[in-house]
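Only one structure is covered here, and it is reproduced in the block below.
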Amino acid sequence: MLKQDFNRQEPKRRIVGDRKQNVADAAFKDASYPHRLNFYTHAPTADITLEEFEKWAIDRLRVLSELEACSFRNKSPDETAAHMKPLLEKYLPLSPNSSSSTKLSEQRRKDHYSHFILRLAFSSTDDLRRRFARVETMLFRLRFDADTERSAFVSSLDIDWFEPVSDEEQAELRDDLQAIAGFDKRTGAVEETWYKVDWMRVPDLVESRKVLLRGGKAYVPSREQASMIITEFTSRLEKQLVLTSQAIPDLDEDDRLVPILDHLSKNFVTPDSSYMSGSTVPEGAEISARNIDNLSQHFPACMSHLHRSLRRDAHLKHYGRLQYTLFLKGIGLNLEECLIFWRSGFSKITDDTFNKEYRYNVRHCYGDVGGDSNRRGGGYSPYSCQKILTEHAPGPGEAHGCPYRHFDMDNLTTLLQGMGVTDRSVIQGVKEDRDGRRYHMACNRVFEHLHKPEIKKAKDEFVMTAAQLETIVHPNEYFKRSYLLKNLGKHRGGDADVKMEE
Ligand code: SF4
């Protein structure tokens with residue numbers, strides 16, 4: 001693994017791979033991509049822009065996060081492949097040589113670079129390294145299984161730990177091999193090609209009894225070759241991630257890359273999503289102060305809890321107001337209506353107190369007052385799940401944060417029951433997600449449960465694409481998707497054609 005040292009070269013903002021130093025046995029090679037698949041043995045060394053650096057990494061992260069979500073949802077390999085197909089085509093396409101696509105090199109370059117950028121971001125702790133190796137292996141497996149040109153790729157690999165079993169040995173073990181693999185009914189021969197490997201190299205095949213064990217060796221039929229290749233991929237990646245983690249301190253001084261890498265690694269805890277407030281108002285929705293009670297049926301647990309707390313106490317503390325105001329702004333509530341909403345919500349105080357203590361902060365969120373950059377940018381953006389989950393944990397008497405993370409299980413259960421979740425298996429699933437610190441997956445589980453018939457309908461009627469059913473990682477996306485699903489067919493003269501925005 002190479003040490004990466006990216007130097008500032010303003011104003012072109014080029015990133016330059018370090019050509020001077022290396023860690024371990026680095027080798028600089030001009031990247032050529034004869035195969036669609038890649039073992040990512042050599043780090044890329046050519047120049048890319050800072051924008052490419054960030055965008056490519058985020059695109060790969062979206063793919064990896066969604067793959068991980070498939071595994072959390074126990075999707076079968078076929079379901080995962082079907083779910084991931086459009087996302088891979090959108091964010092990380094890889095065409096085969098036979099396609100003669102003019103974009104082959106461009107696609108493979110992005111795949112190569114994005115893998116290495118994420119290696120930098122996810123090598124700092126054991127936990128991140130383990131998760132990264134796991135999801136990268138899932139991606140490799142998905143691609144390997146679908147690759148029609150994989151034998152050329154396998155032949156190109158420098159793997160010395162499995163050797164073909166000779167004809168003589170195969171004849172000697174014929175009965176045992178047959179018992180494992182069956183035989184060709186036409187010729188009576190056993191599987192044509194067998195490989196011999198140290199049994200510890202293929203634990204999954206040993207466990208599933210798909211190999212013959214003799215003298216510490218596993219005899220593997222050629223059709224199980226994928227398992228060996230994938231095991232090798234994982235083992236090399238795990239070793240290289242450790243080497244990368246040793247090189248990471250040298251990046252500390254780069255003030256452009258460290259924040260990006262830091263942001264990416266936080267995103268891996270919960271994928272982040274930027275949310276464009278201009279595209280949020282679902283068609284036909286009445287977004288007004290007086291309708292918020294009604295709309296709150298579409299709120300995720302975090303905002304539902306804030307809304308309930310406001311109605312119960314006629315008050316919310318600072319961070320709660322901030323989180324909720326930005327969310328309301330994100331669903332399309334304008335400033336005037338938002339001020340009406342808060343004023344009427346804080347029913348126990350006078351106009352004077354409201355104007356003195358609270359009005360300014362609401363206006364500030366909308367960019368109506370405050371610094372120039374805040375005003376120019378239209379105020380602050382609604383918070384993503386990642387931000388809510390990782391910043392400003394709520395203290396006593398505060399209602400902000402994410403209930404899946406910040407509530408105990410009893411309070412969370414009560415809140416979920418209030419939102420209409422009574423199915424014990426869903427609550428149990430939420431508990432397991434929570435125990436595994438997969439908070440946003442718990443939220444998606446609840447969303448899917450509460451919208452089950454509508455999701456089915458949207459899929460059956462092709463109203464929503466797979467990309468629109470990506471895992472929710474933003475409270476405003478939760479709201480928008482919920483509203484649209486619950487109102488399928490109610491707009492545009494009753495046609496079932498409410499379209500989701502990409
Ligand atoms: Fe809100 Fe996100 Fe937590 Fe869901 S996962 S409750 S949307 S912060």
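From the set of residues in the range 455-478 that are at pLDDT 85 or above and not in a helix (DSSP H, G or I), which is nearest to K85 (Cα to Cα)? So the residue we want is I472.
Once the range 201-218 is narrowed to residues that are hydrophobic (A, V, I, L, M, F, W, C) and buried (at least 18 other Cβ atoms within 10 Å of the Cβ), the residue that is farthest from F233 (Cα to Cα) is L212. Those residues that are farther than 21 Å from P96 by Cα and in contact with a Ser or Thr (Cβ under 8 Å, 6 or more places away or on another chain), I need them from the range 30-72; list them, please. Within the range 30-72, A57, S65, E66, L67, A69, C70, S71 qualify. Read through the list (1) within 14 Å of the ligand (Cβ to nearest atom); (2) surrounded by fewer than 21 Cβ atoms within 10 Å (Cβ to Cβ), then give the number of the only condition that I331 fails. Answer for I331: the failing condition is (2).
Filtered by the rule that a residue be within 13 Å of the ligand (Cβ to nearest atom) and either in a helix (DSSP H, G or I) or closer than 24 Å to E336 by Cβ (or both), the range 297-307 gives H298, F299, A301, C302, M303, S304, H305, L306, H307.
For R437, the stated conditions hold: it is basic (K, R), within 16 Å of the ligand (Cβ to nearest atom) and modelled with pLDDT under 90.
Scanning the range 103-158 for residues that are among the small types (G, A, S) and within 21 Å of A226 (Cα to Cα) turns up A133, A146, S151, A152, S155, S156. Hey, does the range 396-404 have a residue that's buried (at least 19 other Cβ atoms within 10 Å of the Cβ) and more than 12 Å from the ligand (Cβ to nearest atom)? Checked against the condition, which is being buried (at least 19 other Cβ atoms within 10 Å of the Cβ) and more than 12 Å from the ligand (Cβ to nearest atom), the range 396-404 yields at least one hit. Scanning the range 306-360 for residues that are out of contact with any Pro (no Cβ under 8 Å at 6 or more places or on another chain), of a type in the set (A, V, I, L, M) and closer than 25 Å to V473 by Cβ yields L306, L310, L316, L322, L328, I331, L333. The residues listed here are D126, D145; of these, the one that is of a type in the set (D, E), without any contact (Cβ under 8 Å) to a residue 60 or more places away in the chain and on the phi < 0 side of the Ramachandran plot is D126. Annotation note: Cβ proximity below 8 Å between a residue of the range 474-487 that is of a type in the set (D, E) and a residue that is within 11 Å of the ligand (Cβ to nearest atom) and in a loop (DSSP other than H, G, I, E, B) (sequence gap 6+ or interchain) occurs for E477/S273.
Only one entry of K75, K55, K85 meets the criterion of being more than 14 Å from the chain's Cα centre (by Cα) and either touching a residue at least 12 places away in the same chain (Cβ under 8 Å) or surrounded by 20 or more Cβ atoms within 10 Å (Cβ to Cβ) (or both), and that entry is K85.
Does any residue of the range 313-327 turn out to be in the same structural domain as Y478 (by the TED database), surrounded by fewer than 17 Cβ atoms within 10 Å (Cβ to Cβ) and assigned to a helix (DSSP H, G or I)?
yes
Please determine whether any residue of the range 435-454 is over 20 Å from the mean Cα position of the chain (by Cα) and part of a loop (DSSP other than H, G, I, E, B). Within the range 435-454, one or more residues are over 20 Å from the mean Cα position of the chain (by Cα) and part of a loop (DSSP other than H, G, I, E, B). Close Cβ contacts (under 6 Å, 6 or more residues apart or on different chains) running from residues in the range 295-307 that are within 15 Å of G320 (Cβ to Cβ) to residues that are part of a loop (DSSP other than H, G, I, E, B) and near the ligand (Cβ under 8 Å from one of its atoms) comprise C302/C402. Counting only helices (runs of 4 or more DSSP H) that fall entirely inside the range 68-164 and contain at least 2 residues that are among the basic types (K, R), the qualifying elements are 77-91, 104-121, 126-146. Scanning the range 355-377 for residues that are of a type in the set (F, W, Y) and touching a Lys or Arg at 6+ places or on another chain (Cβ under 8 Å), we see that the one that is modelled with the lowest pLDDT is Y366.
The values are calculated or read from the model by the stated rules, or taken from the named source; none is laboratory data. Worth saying up front: this structure is predicted, and the values here are computed from it rather than measured. FYI the Cβ positions are ideal-geometry reconstructions off the backbone, even for glycines, and counts take in every protein chain you see.
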